[in-house]
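All remarks here apply to the structure that follows.
The values are calculated or read from the model by the stated rules, or taken from the named source; none is laboratory data. This structure is a prediction, so every number in the text was calculated from the model and none was measured. Neighbour counts run over all protein chains shown; Cβ positions are idealised from the backbone, glycine included. Surface accessibility is based on the protein's heavy atoms, side chains included, excluding ligands, DNA and RNA. Shrake-Rupley method; radii C 1.70, N 1.55, O 1.52, S 1.80 Å.
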Amino acid sequence: MSDPKQMRPASRARDAVFQWFCFLMACGVLVLIVLVGYVLWGGSADVFRKFGWKFLTGSDWDPNTGSFGALPFIFGTLVSSLLALAIAAPLAISTAIYLTELAPHRLRQPLVFMIEMLSAIPSVIYGLWAIFIMLPWLSQSVFPLLRHSLGALPKSIPLFHHEIPTPALLFSGPTGAGYSMLSGAIIIAVMILPIITSVSREILRSVPDLQREAAYGLGATRWEVTRIAVLSYAKKGLFGAMILGLGRALGETMAVTMVIGNTPRISPSLFSPGYTLASVIANEFAEATSDDYLHALVAIGLVLMAVTVVVNLCAQLILKLSGTEVGAVR
Amino acid sequence: MEPSPATTAPVSTVTATSAIPAPVQDTRPAFDAQNVSIFYTQKPAVDGVTLQVPSRSVTAIIGPSGCGKSTFLRCLNRMHELVPGARMTGTIRLYGDDLYAPEIDPTVVRRRVGMVFQKSNPFPTMSIAENVTVGLRLNGVRDRAFLRERMEQALRMSALWDEVKNDLNRPGISLSGGQQQRLCIARAVAVQPEVLLMDEPASALDPIATSKVEELINDLKKNYTIVIVTHNMQQATRVADQTAFFYLGKLIEFAPTRELFNNPRQPQTEAYITGRFG
């Protein structure tokens, strides 16, 4: 053993500096959020004072006549994001399963590289691609097909003297040039695909091999191993990956603005144009001349932040509620 | 000592309502390995091993780290194939059936040859009961009464029933380490495999849990052929009827346990068991 006299005495000062440094850095994040919230609130207080709840519940947005109702944007943001998630999540999670469980080892790294490349493409490029390639294809082939198959089903069914609307409504109505809620959702789905895939892949890779071996040892096939050992172990993490993707989707601006049609209207048909919170800010900020108009757009920003926070809180709640489910079966 | 419930468990009274065979009464060797070599790289991890594992007894495989004992164990149920690039030459027969015949599906091999791992690995999202019956459910058994009967029987055989019978719906991972390992043994025996492979099953357990697992092995050999890899020579002397000593991928000596430890024929065996290396 070395002579204790030669060893430096344990330094409390260094440890304190280290602790305080990390604490201050962490505080920085908090301060940023508070500042953003403060600025948004300060800029939009007038709007809420003037319009009250009407700002959130009103569906008429006409800056020329001074009427500001944000509901179509909230609707557009939620519908396009959730639809995008519904399209992207199965694709992304299947891809992640393929990459971690099934793909030949030689193929894995190149595939991962390509998926990560997708997230390096700028948003506006996705938008251009969508306008020139995706929209013509959707409006000429996919939308008419959906409209004549799913859209041709009964629009409502009678139930206890009420007419209950069916999902056929989603695929009815004119399809136009393709600028629509569905196109917006699809391009968002393409854009959140890489993040959900990458995070899901990390989650699946963190499942211990011992779990897979346990299932293989019982004579499970690859699908059974994935189901009982991998997916059930990773399901919370995968849910988290989806929520990360949803967070991205809610704030996605450029590409959506280019294809969603930018019409503040609430329509059941996914073929009709919509508008999102982020898009309206991007589109109209430069031309907002009156104070009310400007404040209304800042208020839209605040609403977008609130929607994002509420969605994340809901996700946390779902996770918490599902946490008690293990072992309480039967 | 009280006879443990496992010794009185009515193993053969379960009527076979599923596709799973009852434990084999065959007197032929369980495993007949001829000239088995396994490669992960160019250099063989197991080199030309020929070994016959007698039915309904406990066979221990001992040897220093890296001697190929775990690799050899894993090729008995084709688990080594999960490592990319692993190759195997030679033949292994299980009660006469070539396990590596081209038409044989490895999942079928693993249903006949159960396995218990070094670290306990119950499925964390499943309850104790679900962990035990998962193998049967994978085999398409849906009859609840039958599942329940098999579960109780497997838990009795694993000497766990009395400890968990009131908590069957608790998560499997809520048990202690030793109980989890016995739960994994129950999970393996619930499908009534013909052979049970154990890869250092007690190496992560404390002495009391270890002795419970060893008692269990002694009980199980009435119905099962067990092959156990262990780095603990005392454990081999306590549980095994015959012991194989591996060194640098080769089988150096295979003899009844008492003979191997009291009167080793090979100088390398003697050096290892007297603690001169390893």
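Observations
- Cα-projected label distance for A:Gln109 with A:Met7, points at 7 Å along beta-carbon direction, nm: 4.2 nm
- Taking 0.36 nm per residue of separation and subtracting the Cα-Cα distance, full extension of the segment from A:Leu24 to A:Glu202 would add 61.1 nm.
- The modelled label-to-label distance for the pair A:Asp15/B:His231, using points 7 Å beyond Cα in the direction of Cβ, is 3.3 nm.
- Gyration tensor (Cα) of the range A:66-222, equivalent ellipsoid semi-axes in angstrom: 36, 23, 16
- Treating r as the C-beta distance of A:Leu210 and B:Asn263 and R0 as 30 Å, the FRET efficiency rounds to 0.20.
- Averaged over the residues of B:79-85, the number of partner chain Cβ atoms lying within 10 Å of the residue Cβ comes to 2.
- Helical runs assigned H by DSSP (4 residues or longer) give chain B a calculated mean residue ellipticity at 222 nm of -9500 deg cm²/dmol, each run adding -39500 (n - 2.57) before division by the residue total.
- Lysines with Cα under 23 Å of B:Lys222, excluding same-chain neighbours fewer than 8 positions away: B:Lys212
- Compared with the rule-of-thumb size 2.2 N^0.38 Å for a compact globular protein, the range A:47-322 has a Cα radius of gyration ratio of 1.15.
- Taken along the Cα-to-beta-carbon direction at a fixed 7 Å, the label points for A:His162 and B:Asp162 span 5.9 nm.
- As an equivalent ellipsoid, chain B spans semi-axes of 30, 22, 17 angstrom, where each value is the square root of five times an eigenvalue of the C-alpha gyration tensor, largest first.
- Spatial separation of Cα centroids for the range B:92-158 and the range A:204-234, in angstrom: 14 Å
- On Cα atoms only, tilt of B:128-138 relative to the major axis of chain B in degrees: 70 degrees
- Contour excess over end-to-end distance, with Cα ends at A:Ser141 and A:Thr289 and 0.36 nm allotted per residue: 49.1 nm
- Measuring between their Cα centroids, the range A:243-288 and the range B:214-278 lie 71 Å from each other.
- With the biggest extent put first, the Cα atoms of the protein assembly as shown measure 103, 79, 51 Å across the principal axes.
- Nonlocal amide H pairs with A:Trp61, under 5 Å, H built at 1.01 Å: A:Gly69
- With at most 10 neighbouring Cβ atoms within 10 Å, loop chymotrypsin sites (Phe, Trp or Tyr not before Pro) (DSSP) excluded, longest segment of chain A: A:161-330
- For the residues of B:113-120, the average number of beta carbons from a partner chain within 10 Å of their own beta carbon is 3.
- The protein assembly as shown, accessible area per residue, ligands and nucleic acids excluded (1.4 Å, Å²): 50 Å²
- With R₀ fixed at 35 Å, the C-beta to C-beta distance from A:Lys235 to A:Leu78 puts the FRET efficiency at about 0.90.
- Mean per-residue shielding of peptide B:121-130 is 6, counting Cβ atoms of other chains within 10 Å of each Cβ.
- Cα-based equivalent ellipsoid, the range B:77-180: semi-axes from gyration tensor eigenvalues, Å: 31, 17, 12
- Spatial offset of the range A:152-190 relative to the range A:14-70 amounts to 34 Å, using the alpha carbon center of each.
- Of the cross-linked pairs A:Lys320/B:Lys165; A:Lys235/B:Lys165; B:Lys69/B:Lys119, those separated by over 25 Å at the C-alpha level are A:Lys320/B:Lys165; A:Lys235/B:Lys165.
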